[in-house]
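The block underneath contains the structure these notes are about, expressed in structure tokens.
The values are calculated or read from the model by the stated rules, or taken from the named source; none is laboratory data. In this text the structure is predicted, and so the values were computed from the model without any measurement. As a convention, Cβ positions derive from the backbone with ideal geometry for all residues, glycine included, and neighbour counts pool all protein chains shown. For the accessible areas, the whole protein counts, side chains as well, though only heavy atoms, and no ligand, DNA or RNA atoms are used. Shrake-Rupley method; radii C 1.70, N 1.55, O 1.52, S 1.80 Å.
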There are 2 protein chains.
Amino acid sequence: MNPTPTDRVLAAAAAEAAPSWAASPPDLRAHALTTVAKALEEEREALVAAADAETRLGPARLNGELTRTTFQLGLFAAEARAGEHYDVRIDRADPAWPTGPRPELRRYRTALGPVLVFAASNFPFAFSVAGGDTASAWAAGCPVIVKAHPGHPELSRLTAELIDHALARAGAPEGVFALIEGEEQGIEALRHPALRAAAFTGSQRGGLTLARIAAERPEPIPFYGELGSVNPVVVTEEAARVRAAELASGYVGSLTLGAGQFCTNPGLLFVPAEDHGLVDAIASALRGVEAAPMLGDRFVQGYLDGARRLAALPGVRTLVRPADDETPAPRLLATDLKSFVAAGEEAAEECFGPLGLVVTYRQLGELAEVLSRMPGQLTASVHAEPAEATQLTSLAGVLADRSGRVLWNQWPTGVSVTHAMQHGGPFPATTAPAGTSVGTAALERFTRPVAYQGAPEELLPEPLRDDNPWGVPQRVRAS
Amino acid sequence: MNPTPTDRVLAAAAAEAAPSWAASPPDLRAHALTTVAKALEEEREALVAAADAETRLGPARLNGELTRTTFQLGLFAAEARAGEHYDVRIDRADPAWPTGPRPELRRYRTALGPVLVFAASNFPFAFSVAGGDTASAWAAGCPVIVKAHPGHPELSRLTAELIDHALARAGAPEGVFALIEGEEQGIEALRHPALRAAAFTGSQRGGLTLARIAAERPEPIPFYGELGSVNPVVVTEEAARVRAAELASGYVGSLTLGAGQFCTNPGLLFVPAEDHGLVDAIASALRGVEAAPMLGDRFVQGYLDGARRLAALPGVRTLVRPADDETPAPRLLATDLKSFVAAGEEAAEECFGPLGLVVTYRQLGELAEVLSRMPGQLTASVHAEPAEATQLTSLAGVLADRSGRVLWNQWPTGVSVTHAMQHGGPFPATTAPAGTSVGTAALERFTRPVAYQGAPEELLPEPLRDDNPWGVPQRVRAS
């Protein structure tokens, strides 16, 4: 299949821009990012209105998400300026090196080249056109082609227009950004030889299909797919005894936030057989939560199908279900550990929306054994009393092995954009678990090491030069 | 296909050892690595004799390679102790964080789990049982299962025995190392769910087959395949004019080193149309180089087949060929840039052995354009006069884009084990170009980030604790 002319032109422009953007001073890239952030802030009202019309997420949430998005652009601007991502290592020549004279070697991580970003449905700002993947790829020095999510086409176009103007104003080279629309266009771009990496946030089915296409190219490229998970939460008996009510309201809040449309939604709750009223409290609180609008009818249908599929598994009881079974109101299901295990991977499949499956366990040891065989997760949480911590090391070890972020007495929704955040876990939560799609480390995904041996100063990229014109951190070893 | 009992037992032992090895103090891992190095040094004579009997590489080369291997173990021991590979980031809670209260987050890179290493044929020490992949995986905290190369089974067993004793003496947990043999055993191990990554050095065909198996597992795992390349070398007319004789002897030395059996062998030489006698000097020097024993008859046959295939391409002339066409003596072929391009990827395929293809170019700009479309390479070299450097920035940019290491007036063979080395390039030179299989950065391949949010000290891995018992570098951000 040949790329359509449009795609070919855009990919060629991205390839054309790649070397100069990769070699641009961090200050220029940082300025471009902050200029985009400013342009978005200036059109906040129009953007939020466009987003609300297409996603039904409401102005409060959307304003917060836009703030997060512009903050994120600023954070990546600062990261580009700091220059740590170049990971510069300079080994001076050393005639006395034990394995024979060591040549002079200078290694850094350079930009990978044009990146294709598949926008997500559930975060029309933060994981869409000007979201974290775009910001981190730009900061690394990669041109970006965004494949718009069909759930918010008008907002995507408006954002793209603002970006285009902002980048031109900031002096970024042409070709550093483009927007494409349509599933087929996205696949054609993914197959284009100029593309060097792709990032995706979305469903497992869609993500795995695209990952396969990326892997089957003549020159395969890294595919950073963030495919979501059920985010297991474990409550100890002691925690249930001490604060069942608090846990119930915390859980219900996290489960129903944004109509449950978060990849960190806590879909799976493990509670002790003696639960001190915790499950009743959850059920009762959930019954009071009304159906919130979901992103679209397709999402409502997916949620209802998923909920029915789970409810029909052997040994699964329905605790909470709305009177009208066609509304996307919260649902709560329950089973025991034995039935959960017997149901296999189906019981641990993500149901995108406000659905909780409560699994009763008898012993923490037995539970840890089951969790050690779970598919990879973005997050895993423990709610326990402080005095119990020392007895929970083996459980915590299992959770760290099967997830990218382990939380203690906190809920997994609300992923903070910071330096130490990790948003990505073992497969299938993420297709490339060494990366993160939130936090400053996200930038690393779009770099690749190159070493220069004995090269004259004139041919060295700035970060590797002894005069270090950009002032980036350099680890120099004389011997 | 089910793993055989043997494989199952070994993989289970590796999985069992994984948590404690990952959590072991760097000092213990460093001690284990240096104990292995010492054990190998103590049996140097027997090891070199066993290697020579099976590989015909000769005691001089093998002694050097063993020195490199024990040095490498020591370097990774030091790297484990330094603890930089944990990449620790600690964000303190910050109520004033612009997007809402920032939770306390602590992120580090932890060991990936059991690693499967496919040993190479051409470096029976440095890329085999106790080679760089094994050393770097151990240093990262991963148990290692090595699939022996069939080219040196006795040496592999002897090395494994020494490792077993050394690891036991050093107090490493059982299961941290195992040796398996046989192609089928290797594939079964690659499919075993306990394995979390694989590393391979060898042919493109074998490597791509294994990479596909790794990708098609229910839980795919990273496959670090170092598949070799033709390592283009560009000579400018000015360099040829000033020092044709020196270039000729340098090229012939690099091309015929170790019977050309290096993945950095400079198989492709680009020379100016006006070459000032360079090609004649190369041809004349090559005629004086006798056939050196190759690793085995299979390698001789592969070399002869490859050489004949290349010689039969349209527009390719044979400049040097031994009187007896069945010996693995050096061969030199020549063509021009137009025929090289017309022949497509076939002309740039690696021919494992002392074969050089000289390609004549007229303009450096035209050459750069051709090189920009080459398959990924481990290395790319330029030989030019110092005063030319400023005119070569665009060529250097192309070479950095298509390779992992760019050399200036040096030859690519002899890969120094240092901090800034990069041995890995764009596909197909490497299946995962973000990694290196030589140098201390090789360790990064076997780690994965995990973040802890709000966790009590008792549950934190040592590198993340405030009392920092192992004294690893921590990047702490208060706000």
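A few remarks follow.
- When segment A:1-106 is described by a simple charge dipole with +1 on each Lys and Arg Cβ and -1 on each Asp and Glu Cβ, the residue from A:TRP21, A:VAL36, A:PRO101 located farthest towards its positive end is A:PRO101.
- Within the protein assembly as shown, the proportion of Cα pairs with more than 54 Å between them is 15 percent.
- Solvent exposure, largest accessible area first (probe 1.4 Å, DNA, RNA and ligands not counted), of B:GLU369, B:GLU184: B:GLU184, B:GLU369
- Between helix B:237-256 and chain B: long-axis angle, C-alpha atoms, 0 to 90°, nearest 10: 60
- For segment A:292-380, the alpha-carbon radius of gyration amounts to 1.14 times the rule-of-thumb value 2.2 N^0.38 Å expected for a compact globular protein.
- Summed over the residues of segment A:1-106 and divided among them, the accessible surface reaches 42 Å² per residue at a probe radius of 1.4 Å.
- With contributions of -39500 (n - 2.57) from each DSSP H run of at least four residues, the per-residue ellipticity at 222 nm computed over chain B stands at -12500 deg cm²/dmol.
- Listed peptides A:346-354, A:291-299 by packing density, highest first (mean Cβ within 10 Å): A:346-354, A:291-299
- In the protein assembly as shown, the DSSP beta bridges split such that about 25 percent are antiparallel, to the nearest 5.
- Placing +1 on each Lys and Arg Cβ and -1 on each Asp and Glu Cβ, with no other charges, gives segment B:294-446 a dipole about its Cα centre of roughly 40 debye.
- Cα gyration tensor, segment B:88-246 - rounded (a/c under 1.5), prolate or oblate: oblate
- Along principal axes, Cα extents of chain A, largest first, whole Å: 72, 57, 41
- For B:PRO218, inter-copy label distances in nm, listed shortest first [label point 7 Å out on the Cα-Cβ vector]: 3.7
- Remark: accessible surface ordering of B:ARG109, A:ARG169 (largest first) is A:ARG169, B:ARG109, probe radius 1.4 Å.
- Residues losing 30 Å² or more accessible surface upon assembly, segment A:405-426, compared with the chain by itself, 1.4 Å: A:ARG405, A:VAL406, A:TRP408, A:GLN410, A:SER416, A:THR418, A:HIS419, A:ALA420, A:GLN422
- Å² per residue, accessible surface of segment B:274-370 at 1.4 Å: 49
- Cα radius of gyration and Dmax for segment B:201-265 (Å): 18.3, 59
- Against the main long axis of the alpha-carbon atoms of chain A, helix A:26-42 sits at an angle near 50°.
- Within the shell defined by Cβ-Cβ distances under 10 Å, the residues around B:ARG102 carry a net charge of -1, with Lys and Arg each +1 and Asp and Glu each -1.
- Heavy-atom accessible surface that B and A bury in contact, both chains counted, 1.4 Å, Å² to 100: 5700
- Each part reduced to its alpha carbon centroid, segment A:12-57 and segment A:270-318 end up 38 Å apart.
- Convex hull per residue volume in Å³, alpha carbons only, for segment B:383-479: 188
- Cα pair distances exceeding 22 angstrom across segment B:194-332, given as percent: 49
- Cα-only radius of gyration and Dmax that characterise segment B:1-113, units Å: 21.5, 69
- Distance between the 7 Å Cα→Cβ label points at B:GLU385 and A:ARG317: 9.0 nm.
- Relative contact order of chain B, pairs being alpha-carbon contacts under 8 Å that are 6 or more residues apart, as %: 19
- With label points set 7 Å from Cα along Cα→Cβ, the inter-copy distances at B:ALA311 are 7.6 nm, sorted shortest first.
- On the basis of the beta-carbon distance and an R0 of 25 Å, B:ALA82 and B:SER249 show a calculated FRET efficiency of 0.05.
- Per atom type, the protein assembly as shown shows carbon and sulfur on 53% of its accessible surface, probed at 1.4 Å.
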